[in-house]
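A.B. asks: Have a look at this one before I ask anything.
Bear in mind these aren't lab numbers, they're just calculated from the coordinates by the rules spelled out. These numbers come from a predicted model, not from an experiment. Cβ: placed from backbone, ideal geometry, glycine included. Neighbour counts: every protein chain shown.
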């Protein structure tokens, strides 16, 4: 077997599942993935291991290796399952701006349902069938629209919105990971911030504390997304 054939044999997307066995319990990749997602939703990605997933299904970890070869494959399957949830919301419709906005909001809703999801995005591209269908649908929603006649323009716009969404969601997640809500964090850090402002060395920070409206995370995300889309629209107009 060549190196390329060995690589292709490792791709879980095209590797068949083992034959169904009636005992001790029927098992499938879908069951394994759903069990892993339930663990991650409850206790984070640290709670996901083949041993723990197997235990939740009354199956030993060695039996799971018949369906996937590593935890990394399991994580890829989990990501793809979430993209499947996003696709179930229906096709992207409307003009390019509405389509990109819908894509961004779907990703944010998915990250709210599955707090771990954002940690698995970025880096090496995901290649699962639901991911590829999502990319295909997003590109198709822009393709041929005025200003998007060339595929490079489509990719630039989609990639720019993706980068914004990833950064915004990671920022939101980092605030939640402190173990306290925004009001609790402000109560703890507020006196220190006020002492630093009183030194006179941070006039802009003082203006933020005194004058900024500090809208909700939903509003911040929408406004930031509008800024990104306005930038794309301005580029199209040039």
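A.B. asks: Identify, from the list 69, 101, the residue that is surrounded by 12 or more Cβ atoms within 10 Å (Cβ to Cβ) and outside any helix (DSSP H, G or I). Before the answer, list the steps.
C.D. replies: Details: 101 fails: outside any helix (DSSP H, G or I).
When all the criteria are applied, what remains is 69.
A.B. asks: Let me ask something else. Which one of the conditions (1) farther than 30 Å from residue 160 by Cβ; (2) assigned to a loop (DSSP other than H, G, I, E, B); (3) in contact with a helix residue (DSSP H, G or I) (Cβ under 6 Å, 6 or more places away or on another chain) does residue 74 fail to meet, given that it meets all the rest?
C.D. replies: The single condition residue 74 does not satisfy is (2).
A.B. asks: Another question, if that's okay. I'm told residue 174 meets every condition in (1) under 30 Å from residue 87 (Cα atoms); (2) surrounded by 14 or more Cβ atoms within 10 Å (Cβ to Cβ) except one. Can you identify the failing condition by its number?
C.D. replies: (2)
A.B. asks: Just wondering, is there one or more residues in the range 64-76 that are within 17 Å of the chain's Cα centre (by Cα) and without any contact (Cβ under 8 Å) to a residue 40 or more places away in the chain?
C.D. replies: There is at least one residue in the range 64-76 that is within 17 Å of the chain's Cα centre (by Cα) and without any contact (Cβ under 8 Å) to a residue 40 or more places away in the chain.
A.B. asks: Restricting to the range 39-66, what's the tally of residues that are out of contact with any helix residue (DSSP H, G or I) (no Cβ under 7 Å at 6 or more places or on another chain) and outside any loop (DSSP other than H, G, I, E, B)? Talk me through it step by step, then tell me what you get.
C.D. replies: Of the range 39-66, the ones out of contact with any helix residue (DSSP H, G or I) (no Cβ under 7 Å at 6 or more places or on another chain) are 41-44, 46, 55, 58-59, 62, 65-66.
Filter once more, so that each one left must be outside any loop (DSSP other than H, G, I, E, B): 41-43, 46, 55, 62.
The total comes to 6.
A.B. asks: Here's something else I'd like to know. Looking at 79, 161 in this structure, which one is touching a residue at least 24 places away in the same chain (Cβ under 8 Å), out of contact with any strand residue (DSSP E or B) (no Cβ under 6 Å at 6 or more places or on another chain) and within 23 Å of residue 232 (Cα to Cα)?
C.D. replies: 161
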